[in-house]
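The values are calculated or read from the model by the stated rules, or taken from the named source; none is laboratory data. Only a predicted model underlies this, so the values are computations on that prediction, with no experimental measurement involved. Cβ placement follows ideal geometry from the backbone for every residue including glycine, while neighbour counts extend to all protein chains displayed. With ligands, DNA and RNA removed, areas are computed over all heavy atoms of the protein, side chains included. Shrake-Rupley method; radii C 1.70, N 1.55, O 1.52, S 1.80 Å.
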Amino acid sequence: MGVLYIMETLLEELQRYKNFDELANDVLDLAKAILPEQLFYLSVFSDTQQFILRLSNERKNIHITEGMIVDLNQSVCKRVNFEKNQPLIYEDVNKNCSIDEVKMLLNGANIQSYLGLPISLTNGEKFGTLCAVNDEASLLDKKSIDLLQRIVKLFSYYLDLERFAWKDMLTELYNRRYLTQYFEDPQHQNGALFFLDLDGFKKVNDVYGHDTGDVVLQEVASKLQLIVDEQKDAFAVRLGGDEFVLHFSQTNSQQEWDKIANQVVNALSTWDTPYKVSTSIGIVTYEEDNDVSLTNLLQHADKALYHAKASGKNTFSFF
């Protein structure tokens with residue numbers, strides 16, 4: 001899976017957050033009110049890239065643009081201390097920075113002062129940075145930095161609330177609300193929905209307890225996430241209990257859908273543990289010319305799932 005697609009998926013998720021654009025602009029406006037001489041930008045990280053989400057204003061002499069994608073290995077922001085939640089500060093790059101590589105990167109963007117504040121979620125996951133830069137040396141006083149850190153903290157709370165609204169708390173997969181919202185968007189191409197139900201999960205809960213059952217659900221989620229990460233325009237959802245949905249926005253032949261379904265069945269029937277579970281899958285495909293309704297798709301997929309269960313489980317069936 002290409003890193004560009006991963007970044008596009010991340011940005012698409014952010015656009016589903018309620019009032020994200022408005023709040024991102026408010027963060028920059030507040031930051032600008034604290035340090036009006038600085039150019040501020042808000043960025044988001046993937047595992048390998050940094051994307052410049054918003055700029056407080058344009059400065060032609062500073063080589064940073066909205067929408068810019070930077071390799072994290074070539075980003076000064078990567079050096080911000082996320083673990084200790086501490087900002088990275090260079091009031092005068094040429095005088096204060098002793099790292100030649102950092103100095104070269106900042107000088108290359110015509111930045112002479114830099115302040116990078118980490119933005120993390122409460123689970124420790126990195127989101128990105130709020131940065132203040134200038135083409136001249138600047139005085140970055142402690143009071144201003146403290147105020148900016150408070151703004152970042154509030155923004156982090158907002159991100160957590162949105163994440164909880166769209167993600168399943170136990171598995172970190174998307175939830176039913178995300179799936180519903182996705183199908184409220186009228187622009188859909190050809191695709192498929194895989195409706196999964198775990199075989200033998202009730203026995204795990206009964207014999208090993210619900211804590212072990214939660215671990216199983218988390219491991220299932222990890223396996224499903226690996227599978228959708230290999231596909232373009234795909235995501236995984238936990239509907240609830242031991243029911244999951246995989247959604248694919250692509251056109252495949254019957255043979256290609258069979259290959260993906262077999263991959264899922266094999267992944268969820270391989271366990272190096274005393275407990276064993278597997279999965280049955282009901283699959284429904286759709287075309288963009290049709291009236292695509294999530295309710296109808298789930299009903300059709302559920303019927304296909306019933307046939308898979310009746311066929312002996314640990315298999316898949318198409319509607």
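Observations on the structure shown:
- Residues being in a helix (DSSP H, G or I) and crowded, with 18+ Cβ neighbours inside 10 Å are represented in segment 185-207 by at least one member.
- In the set (1) at pLDDT below 90; (2) within 22 Å of Val277 (Cα to Cα); (3) touching a helix residue (DSSP H, G or I) at 6+ places or on another chain (Cβ under 9 Å), Val216 fails one condition alone, (1).
- Candidates in segment 266-298 are the residues that are in contact with a strand residue (DSSP E or B) (Cβ under 6 Å, 6 or more places away or on another chain) and of a type in the set (A, V, I, L, M); of these, the one that is surrounded by the fewest Cβ atoms within 10 Å (Cβ to Cβ) is Val292.
- Hey, Ala165 in a helix (DSSP H, G or I), of a type in the set (A, V, I, L, M) and closer than 30 Å to Glu288 by Cα or not: yes
This table checks each residue for (1) modelled with pLDDT of 85 or more; (2) in contact with a strand residue (DSSP E or B) (Cβ under 8 Å, 6 or more places away or on another chain).
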position: Thr9; (1), (2): no, yes
position: Asp26; (1), (2): yes, no
position: Tyr41; (1), (2): yes, yes
position: Ile52; (1), (2): yes, yes
position: Leu55; (1), (2): yes, yes
position: Lys78; (1), (2): yes, yes
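- The numbered conditions (1) out of contact with any helix residue (DSSP H, G or I) (no Cβ under 8 Å at 6 or more places or on another chain); (2) among the aliphatic types (A, V, I, L, M); (3) crowded, with 17+ Cβ neighbours inside 10 Å; (4) at pLDDT 90 or above are all true for Leu154 except (3).
- Just one residue in the set Lys126, Lys103 is open to solvent by 10 Å² or more (accessible area, probe 1.4 Å), under 22 Å from Val27 (Cα atoms) and among the basic types (Lys, Arg); that residue is Lys126.
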